[in-house]
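Below is one structure. I have some questions about it.
The values are calculated or read from the model by the stated rules, or taken from the named source; none is laboratory data. For clarity, every value in this text was computed on a predicted model and none was experimentally measured. Every residue, glycine among them, receives a Cβ derived from its backbone with ideal geometry; neighbour counts consider all protein chains shown.
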Amino acid sequence: MNRPHRGAAGSRGLGTMEVKSKFGAEFRRFSLERSKPGKFEEFYGLLQHVHKIPNVDVLVGYTDIHGDLLPINNDDNYHKAVSTANPLLRIFIQRKEDADYSAFGTDTMTRKKNVLSNVLRPDNHKKKPHIVISMPQDFRPVSSIIDVDILPETHRRVRLYKYGTDKPLGFYIRDGSSVRVTPHGLEKVPGIFISRLVPGGLAQSTGLLAVNDEVLEVNGIEVSGKSLDQVTDMMIANSRNLIITVRPANQRNNIVRNSRTSGSSGQSTESSLPSSTPNILANLLPGEEESDEEDIIIEDSGEPQQIPKAAPTSESLESLTQIELLHESTQNGFLPSSEVNLNHSAGSISMEYEVQGPDHKSLEEDGTIITL
Amino acid sequence: MRRFLRPGHDPVRERLKRDLFQFNKTVEHGFPHQPSALGYSPFLRLMAIGTRSGAIKLYGAPGVEFMGLHEENNTVMQIHFIPDQCQLVTLLDDNSLHLWSLKQHSGASELREEYRFTLKGPPGSPPSATQITAVLPHSSREVLYLGTESGNIFVVELPSFRVLEDRTITSEAVLQRVPEDYCNRRSCELVEALREHPKNPDQILIGYSRGLIVLWDLQNNKVTHHFLGSQQLENLYWQRDGSKFISCHYDGSYTQWPVSGDNRQPEPLENLVPYGPFPCKAISKIYWQTTKNGLPYIIFQGGMPRASYGDRHSISVVHGSQQTAFDFTSRVIDFFIIFSSEPTAEFDDPSAMVVLAEEELVVIDLKTAGWPAVHPPYLASLHCSAITCSHHVSNIPLKLWERIISAGSKQNIHYSNMPWPIDGGTNIAPDPPQRDLLLTGHEDGTVRFWDASGVCLHLLYKLSTVRVFLTDADPNDNMNTLGEDEWPPLRKVGTFDPYSDDPRLGIQKIYLCKYSGYLAVAGTAGQVLVMELNDEDAEHVVDHAEADLLQDQEGYRWKGHEKLKTRDGPVRFEAGFQPFVLVQCQPPAVVTSLALHSEWKLVAFGTSHGFGLFDHQQKRLVFVKCTLHPSDQLALEGPLSRVKSLKKSLRQSFRRIRRSRVSSRKRRGGSGNASEVQEANAKFDQDTLQEMELAPVQRKIEARSAEDSFTGFVRTLYFADTFLRDSSRHCPSLWAGTNGGTVYAFCLRVPPAERRMDEPVRAEQAKEIQLMHRAPVVGILVLDGRSTPLPEPLEVAHDLSKSPDMQGSHQLLVVSEEQFKVFTLPKVSSKLKLKLTALEGCRVRKATVANFGSCKTDDYSENDLAVLTNLGDIQIISLPFLKLQIRYPCIRKEDVSGIASCVFTKYGQGFYLISPSEFERFSLSTKWLVEPRCIVDVPEVTSNNHVHSKSGMENAARKSRGSGRNSGDCGEDERKSGRLMEHALLNDEKVLKEIQSTLEGGKGSYAERNLARSPLGHGLSNGGTD
């Protein structure tokens, strides 16, 4: 453990920053340009290089100013790490295969002893079994709480993201009545309530909706005065991008505004999705969102009897997009009459894209989401 | 941007909307559901029908009809017109009496409820004391006699319904002079019949249910004659001269009684059991009609031998040696005879019998030999076989109209050509602006063509598709062929026949081209027939083709019905629409969509498996396309998905039974002691309560997936000549929309007319659009460069439409259950949309383009979409910008069959079924409005010498009307002519009507308007139902 550069950080001035990286029992020290940290991938390569582990998959973590061990796995949190490091950026590297995910998170460094010992002695953590989950970038958001700033604290606006057709939205609604304060005093008014959550369904998995929550709005439209069937139809029609505003039956988990302490499950999902909020707000104005509803249009020019067998039937999306690009590049030439039998393949994949005909130059891609 | 153009912000458009759109339910067509009472006024020549839902409908000459609804929605038990008045009294099953009047209001008559009344007995008396069983409006028009269950007869004054207690005829008073032994044997019991003496208004005949009949003198308040019947009485009828009356009885007999001055207790003249000697059913009503030639008509209802014919609904007519028992298809509610009502005429001379059966109205011509039926101009039984679909065609060219009528007249030769005998009132509605046809498909494989132009929905022609197929039912097997000397002489009358021989024959889709006379009809077993109108009978072979919609898809098994077997060899067809091509889909699933292009001579059809295109010129199948999803097994199980729900419902009901058993056991289980039982009960109640609370109505929220069943179900087919491939060349195209939200577009190559027979029609798939929301596609439409919908085939060729604009770019409108979407063509990209379900939670059930004209200016009209949602709302949505214009609630959302049956016309009207037998007609347009508008003239009668005074209001109204005219001379004139008319009435009704109509001519006068309003206010204050 030689520390040749100790104390040198201060003398380097504001332009550079000292990095102390630890992998297993080994430490490396090096410096980075604070103003030009580069990309995460470069940094990752650098770490592999300095630790001489070029072909080992590793997890990168750092300690923030509160002492929490936080992951570095994309440009955003890498930049965050660089910008907050003061004076020194402490990096902890773990092998992916024996990584301890529980090490990350809140107050990890106050539980430092424990965590560090886990990190330091990899075989130690084997004692408690844990669920191995994939990296955050492998996730897609399934739900989020939105509009926290404009809604009353007793209400919660939840957006459910429905991908493909494999997983049910999975909840039931019923008629009921709730007590409201009206100019004539307290009155019982009819309302719509969540009556049941399907086990394993999307709604249940989010943890944001619960039985007996009162449904107030669906995609920005108030449900008062509408029948159960109408509300059902509204929800199903909006199921690709369902935003429901509820009054939770349990008001204890409400978000306390302006004190964004981590801890609530709602917020953690939200914080993983910082970019989604603005376009959700836009979506609340009905009829203005286009991104969620791009119909699939297949334009054929060939004889339907002569469908080239080369046409992809139900392959992965990459291959389809490649075909699109191919069409573009070979614009003026021949377009294979690709009768993509989407009706049949849509069971396994769901796509939102447009296959262009030969006589159109540009692809209209206004933020289409491609999902599997 | 769009946000700022919300509807309701442009005052000019708002004003225009008021000139264009207006919602009215105008008239009910067809036969009233569940009729319960019948009445007739020989004076007004109007018929009234009451129903079990409390509706009352008046009918006169074609086009003259009125409707009223009792607020209580109780069954109408009896209807009685006040003699020589425009008033009638109804008795409901809650024992309330209602007085209705026909009053003129802004130039047309209206039916209004004026008073209501419930007879109240003395305090403490049982309800039966005042339960009304018989009603007699006295010819004086001043009083009503009300026979009750207690045997007392109450007298109430009209129109105030004040009970005149001193004139009550008690059963004690009646029994005073009846022989002791008769009295002891039987008490009076309820009053079965009340009949006024035809010549002497001071005498009324009272019949009690146990058989006693008395003649009561109103002047002296005493019984003048006793008639000691021995059988339970059903009804009474006076002979015209008042010298005899006839009574009919529960045992199937009828008795004639003489009425003479000297004998106060006469013996019966004749007692007869017409269908004896074996026990017979009751004769519930009887008529004895005299004729010039001396032989009376005896007409009675029932009386059939109990054992062998007890289930028949019959009315027998006996005239000398002629006797026929008319056998009706459903229960007879009531009937009446139209006979000479002139008081001076010596004989009844019956002309027609009008029978209200439960499911239809039958009128028999009694003047023509053989007593044929009369074809009714209204009250048609739409449901004589259940309606399975309907199709409306507006503005039929005269030529086709006449050909259909002539084909229909050949079918109606067995009807009497007597003019319609119920001809009261005058139709003053303007002539219908155009000829409209409503086609209804029926379960028995027939298509009925109705004249839907005006108020009277009238059957023009009936087409049967059964002949093409081999069915179990042999057409020669006639149930009616009875031997010559068959007794009783039954004869089936009426058309109501709800029993279909083969459900596969049911008609599901109809498409008529009004220019070419081509008709395509598709049915339950995948059969598609193309027909042509032929004015002559013909015998020919129907070309037969099969369309395998599954193509080479494998692993499918059709579990539904088999396809229909066709008849080999030539088939004889009567004049009218004659099939020349039959396409049978394989598997033989119900045809769910149909389109015909008469110019290209193509017919397209779709089922739950796919769709096909057939060239009916070359009689060649052009192509088929399978739309089935591989995982959709349900689509193959046949049309009877009902089976599944039946199974489910059976399971549920078993579960329910089991649960109730369990709970009863639970109850029994705790039978140790009383408190235990109580506890158990309380617990049980709590349990059930909790169960009820825990299991409210729930709805699952589930995104639609591609695996939903019936995604391949073809919902709509559409032919269009548009730009499908590129923007420089347009070509014929076929569009199909499925339940799974897919739209297929096929480019067609139709050879030019001169080579039409030589070259085949070709089709290539050009586009496929998958709507991301996957809702069923219910309509497809192409808008031309001016954003007007493409015209119908041959419309341009017949100079009835501007040719479409082929310069500007076309647009495609796809209507799904959830959204309206406009796409550009030929490159399909979304341009506009209106999300309906996502915003309002309602789904589109029907959407049709309708043309709306302005009521203010003749030259303005526009095309909009008329949309019916699953909530029963009707919305109008503008084209091409898809802005909601207006919304009206129309049908109750629970009325699923009503919503499913709705059809829109091309000019903003529509029809939907309010019962199996009735269409409600509604109008969305200010310009095209078909509603009854008629006048019932009240002749200024003092025809009978015994008319004491006119009933208050009517009289007052008339008087003030006379004096309210501009000058005194005029009023004087009227009074004079009124007196003249009295004579006219006695001689010639027509003359009378003429005079009357000229008098009513000046209806615009200010005074009259004012007057017309005042009785209205009066009616309202009396709780009149509007």
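Applying the selection to the stretch B:846-898, what residues are of a type in the set (Asp, Glu) and in a loop (DSSP other than H, G, I, E, B)? Reasoning before the result, please.
Start the filter on the stretch B:846-898 by keeping residues that are of a type in the set (Asp, Glu), which leaves B:858-859, B:862, B:864, B:873, B:894-895.
If the condition is that a residue be of a type in the set (Asp, Glu) and in a loop (DSSP other than H, G, I, E, B), then B:ASP858, B:ASP859, B:GLU894, B:ASP895 are the ones that fit.
Out of B:SER809, B:SER787, I need the residue that is at positive phi, at pLDDT 85 or above and more than 11 Å from chain A (Cβ to nearest Cβ). Which one? Walk me through it before giving the result.
Working: B:SER809 fails: at positive phi.
Result: B:SER787 is the single residue among B:SER809, B:SER787 that is at positive phi, at pLDDT 85 or above and more than 11 Å from chain A (Cβ to nearest Cβ).
What number of residues in the stretch A:165-215 are over 16 Å from B:GLN698 (Cβ atoms) and surrounded by 20 or more Cβ atoms within 10 Å (Cβ to Cβ)?
3
Is at least one residue of the stretch B:393-405 under 30 Å from B:ALA48 (Cβ atoms) and touching a Lys or Arg at 6+ places or on another chain (Cβ under 9 Å)? Quick ask: steps written out before the conclusion?
From the stretch B:393-405, those under 30 Å from B:ALA48 (Cβ atoms) are none; that's our starting set.
Taking every residue of the stretch B:393-405 in turn, none turns out to be under 30 Å from B:ALA48 (Cβ atoms) and touching a Lys or Arg at 6+ places or on another chain (Cβ under 9 Å).
Among the residues of the stretch B:305-313, is any at pLDDT 90 or above, assigned to a strand (DSSP E or B) and under 16 Å from B:ARG491 (Cβ atoms)?
Yes, the stretch B:305-313 contains a residue that is at pLDDT 90 or above, assigned to a strand (DSSP E or B) and under 16 Å from B:ARG491 (Cβ atoms).
Name the residue that is farthest from B:MET772 (Cα to Cα), counting only residues in the stretch B:726-749 that are touching a strand residue (DSSP E or B) at 6+ places or on another chain (Cβ under 7 Å) and surrounded by fewer than 22 Cβ atoms within 10 Å (Cβ to Cβ). Before the answer, list the steps.
As a first pass, look at the stretch B:726-749 and keep what is touching a strand residue (DSSP E or B) at 6+ places or on another chain (Cβ under 7 Å): B:730-739, B:741-749.
Imposing the further condition that a residue be surrounded by fewer than 22 Cβ atoms within 10 Å (Cβ to Cβ) reduces the set to B:730-732, B:747, B:749.
Values: B:HIS730: 28, B:CYS731: 27, B:PRO732: 27, B:CYS747: 23, B:ARG749: 30 Å.
Only one residue tops the list, namely B:ARG749.
Within the stretch A:222-233, can you find the residues that are surrounded by fewer than 18 Cβ atoms within 10 Å (Cβ to Cβ) and within 9 Å of chain B (Cβ to nearest Cβ)? Give the steps one after another, and end with the answer.
If we filter the stretch A:222-233 for residues that are surrounded by fewer than 18 Cβ atoms within 10 Å (Cβ to Cβ), which is where we start, we get A:222, A:224-225, A:227, A:229.
Within the stretch A:222-233, A:SER227, A:ASP229 qualify.
On the given criteria, is A:ARG180 closer than 15 Å to A:GLN251 by Cα, in contact with a Leu (Cβ under 8 Å, 6 or more places away or on another chain) and either at pLDDT 90 or above or in a strand (DSSP E or B) (or both)? Write out each step before concluding.
Details: closer than 15 Å to A:GLN251 by Cα: no; in contact with a Leu (Cβ under 8 Å, 6 or more places away or on another chain): yes; either at pLDDT 90 or above or in a strand (DSSP E or B) (or both): yes.
So A:ARG180 fails the test.
For the stretch B:727-753, what are the residues that are among the small types (Gly, Ala, Ser) and out of contact with any Cys (no Cβ under 9 Å at 6 or more places or on another chain)? If you could, list the steps in order and put the result at the bottom.
Just the residues of the stretch B:727-753 that are among the small types (Gly, Ala, Ser), to begin with: B:727-728, B:733, B:736-737, B:740-741, B:745, B:753.
Residues satisfying the conditions are B:SER727, B:SER728, B:ALA736, B:GLY737, B:GLY740, B:GLY741, B:ALA745, B:ALA753.
Same structure, new question: Assess whether A:ILE236 counts as being closer than 30 Å to B:ASP873 by Cβ and part of a strand (DSSP E or B). I'd like the intermediate steps shown before the answer.
On the way: closer than 30 Å to B:ASP873 by Cβ: yes; part of a strand (DSSP E or B): no.
Taking the combined requirement at face value, the residue does not satisfy it.
With the requirement that a residue be in contact (Cβ under 8 Å) with a residue 24 or more places away in the chain, assigned to a loop (DSSP other than H, G, I, E, B) and out of contact with any helix residue (DSSP H, G or I) (no Cβ under 6 Å at 6 or more places or on another chain), what does the stretch B:558-580 give you?
From the stretch B:558-580, those in contact (Cβ under 8 Å) with a residue 24 or more places away in the chain are B:558-567, B:569-580; that's our starting set.
Checking the rest, the ones that are also assigned to a loop (DSSP other than H, G, I, E, B) come to B:558-565, B:567, B:569-570, B:574-575.
Of everything in the stretch B:558-580, those that are in contact (Cβ under 8 Å) with a residue 24 or more places away in the chain, assigned to a loop (DSSP other than H, G, I, E, B) and out of contact with any helix residue (DSSP H, G or I) (no Cβ under 6 Å at 6 or more places or on another chain) turn out to be B:LYS559, B:GLY560, B:GLU562, B:LYS563, B:LYS565, B:ARG567, B:GLY569, B:PRO570, B:GLU574.
Scan the stretch B:893-913 for residues that are away from every other protein chain (no Cβ under 14 Å), buried (at least 21 other Cβ atoms within 10 Å of the Cβ) and more than 19 Å from B:GLY454 (Cβ to Cβ) and report the count.
3
State which residue is nearest to A:THR206 (Cα to Cα) when the search covers only the stretch A:216-233 and only residues that are among the β-branched types (Val, Ile, Thr) and in a strand (DSSP E or B). Working first, answer last.
Let us first name the residues in the stretch A:216-233 that are among the β-branched types (Val, Ile, Thr), namely A:218, A:221, A:223, A:231-232.
Among the residues that remain, those that are also in a strand (DSSP E or B) are: A:218, A:221.
On the way: A:VAL218: 17, A:ILE221: 22 Å.
If we take residues in the stretch A:216-233 being among the β-branched types (Val, Ile, Thr) and in a strand (DSSP E or B), then A:VAL218 is nearest to A:THR206 (Cα to Cα).
Can you find a residue in the stretch A:194-209 that is closer than 21 Å to A:GLY225 by Cβ and either more than 9 Å from chain B (Cβ to nearest Cβ) or in contact with a strand residue (DSSP E or B) (Cβ under 7 Å, 6 or more places away or on another chain) (or both)? Let's see the steps before the verdict.
Our first condition is that a residue be closer than 21 Å to A:GLY225 by Cβ; within the stretch A:194-209, this holds for A:194-195.
With either more than 9 Å from chain B (Cβ to nearest Cβ) or in contact with a strand residue (DSSP E or B) (Cβ under 7 Å, 6 or more places away or on another chain) (or both) added as a condition, the list becomes A:194-195.
Yes, because at least one residue in the stretch A:194-209 is closer than 21 Å to A:GLY225 by Cβ and either more than 9 Å from chain B (Cβ to nearest Cβ) or in contact with a strand residue (DSSP E or B) (Cβ under 7 Å, 6 or more places away or on another chain) (or both).
Are any residues in the stretch B:71-129 small (Gly, Ala, Ser) and either under 17 Å from B:ARG162 (Cα atoms) or crowded, with 21+ Cβ neighbours inside 10 Å (or both), and if so, which ones?
We begin by selecting, within the stretch B:71-129, every residue small (Gly, Ala, Ser); these are B:96, B:101, B:106-109, B:121, B:124-125, B:128-129.
Within the stretch B:71-129, B:SER96, B:SER101, B:SER109, B:GLY121 qualify.
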